[in-house]
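K.L.:
Encoded as C-alpha cells, here's the structure I'll be asking about.
The values are calculated or read from the model by the stated rules, or taken from the named source; none is laboratory data. Please read these numbers as outputs of a predicted model, since none were measured by experiment. Here the Cβ positions follow ideal geometry from the backbone for every residue, glycine too, while neighbour counts run over all protein chains shown. Please note that ligands, DNA and RNA were not included when accessible areas were found on the heavy atoms of the full protein model with its side chains. Shrake-Rupley method; radii C 1.70, N 1.55, O 1.52, S 1.80 Å.
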Amino acid sequence: MAINIYNEDDFKKLREAGILARQVLDYISEFVVAGVSTNHIDKLCYDFIVKNGAIPAPLNYHGFPKSICTSVNSEICHGIPDDSVILLDGDIVNIDITVIKDGYYGDTSRMYKVGKITDKAQKLIDTTYQCLMMGIDAVKNGGFVSDIGKVIESYAHGKGFSVVEDFVGHGIGTDFHMDPYIYHFHNTNVPDVMIKEGMVFTIEPMINEGVKDAIFLKGNDWTAYTADGKLSAQFEHTIGVGKNGVEIFTL
Ligand code: MF3
Ligand code: CO
Ligand code: CO
C-alpha cells in the first residue's frame, strides 16, 4: 500500500489538529479525579472539541459509541466511557483524543493519576513515557520503522515490563488509520519501511506490568484488557518527518 506524503500546507493543518488534540488533554486534567465517571469526561471532551470547530474522530468510527477512549488500570486501550465507570483513588487512566480539524487528524494520549498511585504504577507510567519519547527519537529521514520498535522493546524489557504486540501506531493525516503501521516491538515478520520526508504517523506504545497478551472480555468488542489483569499504560503522539527534522504535532 502507498504511504501518503504530506507537504508544508498539510503540515500547517496537521499542526493545528495536533495542537487542539493536545489542548483537550490539558483541559481535561483537572476533571480526572476520584468520583468522576469516564462518561462525564467524555462529555466534557466532546463539548470542548466541538466548541473549537472540530470533530471527535472516534465517535461512530466503525461503530465506536463515544468521543474519546478512557482505559483504566488493566485496560490496554479502547476503553469506552460509561456512567458506570467511576474513577477511584489509586487508578491510572489513559485518555486518548483524536480530533478532525479542517479535514486533518490529530491523535494523542497520556496517562492520568487518580489520587495517590503505587510506586509500581508510577514506574510503569514513567517507563511508557520514556518508550514513546525514545521511539520518537529513533525516527530519522532515511531510517527505518523497525528502529522505533527496537528501542521501545529494549527499554521496556530492561525495566522488567512487556510490550503489547496486538495494537500498533499508524499513518495518519487526512484519514485516521493508514500505512505505515508502527510496531512497538521488533517485528521480524513484516517487511521494513524506510522513513521519508513528508511521512506522518503516530507512535503509541502500550506497556504492561505483566504479560504482553491482550484479551477481550464480555461486554463489548472494543476494549482490550491485559490477560493477567495487571496494569497497562500508554502514551501517544502524532509526528511528522519535516524538512528540518521530526516534528511532534501533539506536543
Ligand atoms: N485513538 C486511537 C488510536 O490511537 C483509536 C481509537 S479508535 C476508537 O489509534 F474507535 F476506538 F475510538
Ligand atoms: Co493512534
Ligand atoms: Co489515539
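K.L.:
Could you tell me which residue of the stretch 105-134 is nearest to ligand 3 (Cβ to nearest atom), considering only residues that are among the charged types (D, E, K, R) and assigned to a strand (DSSP E or B)?
P.N.:
Per the stated criteria, the residue is Asp107.
K.L.:
Let me ask you something else. Pick from Asp221, Asp175, Asp166: which is of a type in the set (Asp, Glu) and without any contact (Cβ under 8 Å) to a residue 24 or more places away in the chain?
P.N.:
Just one listed residue meets the conditions, Asp221.
K.L.:
If I ask for residues that are over 20 Å from Leu14 (Cβ atoms), open to solvent by less than 10 Å² (accessible area, probe 1.4 Å) and part of a loop (DSSP other than H, G, I, E, B), which ones from the stretch 162-183 would you list? Please lay out each step first, then the result.
P.N.:
Of the residues in the stretch 162-183, the ones over 20 Å from Leu14 (Cβ atoms) are 162-167, 183.
Narrowing the set further to residues that are open to solvent by less than 10 Å² (accessible area, probe 1.4 Å) leaves 163-164.
Of everything in the stretch 162-183, just one residue is over 20 Å from Leu14 (Cβ atoms), open to solvent by less than 10 Å² (accessible area, probe 1.4 Å) and part of a loop (DSSP other than H, G, I, E, B), namely Val164.
K.L.:
Shifting gears a bit: Which is touching a residue at least 12 places away in the same chain (Cβ under 8 Å), more than 16 Å from ligand 2 (Cβ to nearest atom) and buried (at least 21 other Cβ atoms within 10 Å of the Cβ), of Leu88, Leu132, Leu124? Give the derivation first.
P.N.:
Working: Leu88 fails: buried (at least 21 other Cβ atoms within 10 Å of the Cβ); Leu132 fails: more than 16 Å from ligand 2 (Cβ to nearest atom).
Step by step, each of Leu88, Leu132, Leu124 is checked, and only Leu124 is touching a residue at least 12 places away in the same chain (Cβ under 8 Å), more than 16 Å from ligand 2 (Cβ to nearest atom) and buried (at least 21 other Cβ atoms within 10 Å of the Cβ).
K.L.:
Which one is farthest from ligand 3 (Cβ to nearest atom) among residues in the stretch 182-208 that are among the hydroxyl-bearing types (Ser, Thr, Tyr) and over 14 Å from Gly240 (Cα atoms)?
P.N.:
Thr188
K.L.:
Of the conditions (1) within 30 Å of Leu59 (Cβ to Cβ); (2) open to solvent by less than 40 Å² (accessible area, probe 1.4 Å); (3) not in a strand (DSSP E or B), Asn187 clears all except one; give me its number.
P.N.:
Only one criterion in (1) within 30 Å of Leu59 (Cβ to Cβ); (2) open to solvent by less than 40 Å² (accessible area, probe 1.4 Å); (3) not in a strand (DSSP E or B) is unmet by Asn187, namely (1).
K.L.:
In the stretch 190-234, which residue that is hydroxyl-bearing (Ser, Thr, Tyr) and either within 16 Å of ligand 2 (Cβ to nearest atom) or part of a loop (DSSP other than H, G, I, E, B) (or both) is surrounded by the most Cβ atoms within 10 Å (Cβ to Cβ)? Give the derivation first.
P.N.:
Our first condition is that a residue be hydroxyl-bearing (Ser, Thr, Tyr); within the stretch 190-234, this holds for 202, 223, 225-226, 232.
Checking the rest, the ones that are also either within 16 Å of ligand 2 (Cβ to nearest atom) or part of a loop (DSSP other than H, G, I, E, B) (or both) come to 202, 223, 232.
Numbers: Thr202: 25, Thr223: 20, Ser232: 28.
My answer is Ser232.
K.L.:
Going residue by residue through the stretch 42-59, is there one that turns out to be among the basic types (Lys, Arg) and surrounded by 14 or more Cβ atoms within 10 Å (Cβ to Cβ)?
P.N.:
Within the stretch 42-59, one or more residues are among the basic types (Lys, Arg) and surrounded by 14 or more Cβ atoms within 10 Å (Cβ to Cβ).
K.L.:
Report yes if some residue within the stretch 70-77 is within 28 Å of Met199 (Cα to Cα), touching a Cys at 6+ places or on another chain (Cβ under 8 Å) and either among the acidic types (Asp, Glu) or open to solvent by 20 Å² or more (accessible area, probe 1.4 Å) (or both); otherwise report no.
P.N.:
no
K.L.:
With the structure loaded, tell me whether Glu247 is within 16 Å of ligand 1 (Cβ to nearest atom), charged (D, E, K, R) and modelled with pLDDT of 95 or more or whether it fails that test.
P.N.:
Spelling it out, it is not the case that Glu247 is within 16 Å of ligand 1 (Cβ to nearest atom), charged (D, E, K, R) and modelled with pLDDT of 95 or more.
K.L.:
How many residues does the stretch 60-69 contain that are outside any loop (DSSP other than H, G, I, E, B) and surrounded by fewer than 22 Cβ atoms within 10 Å (Cβ to Cβ)?
P.N.:
Residues that pass the stated criteria total 3.
Rundown of residues vs (1) in contact with a Gly (Cβ under 9 Å, 6 or more places away or on another chain); (2) farther than 12 Å from Thr202 by Cβ, yes/no style:
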{"residue": "Gly149", "(1), (2)": "yes, yes"}
{"residue": "Ile152", "(1), (2)": "yes, yes"}
{"residue": "Glu165", "(1), (2)": "no, yes"}
{"residue": "Gly169", "(1), (2)": "yes, no"}
{"residue": "Ile172", "(1), (2)": "yes, no"}
{"residue": "His177", "(1), (2)": "yes, no"}
{"residue": "His184", "(1), (2)": "yes, no"}
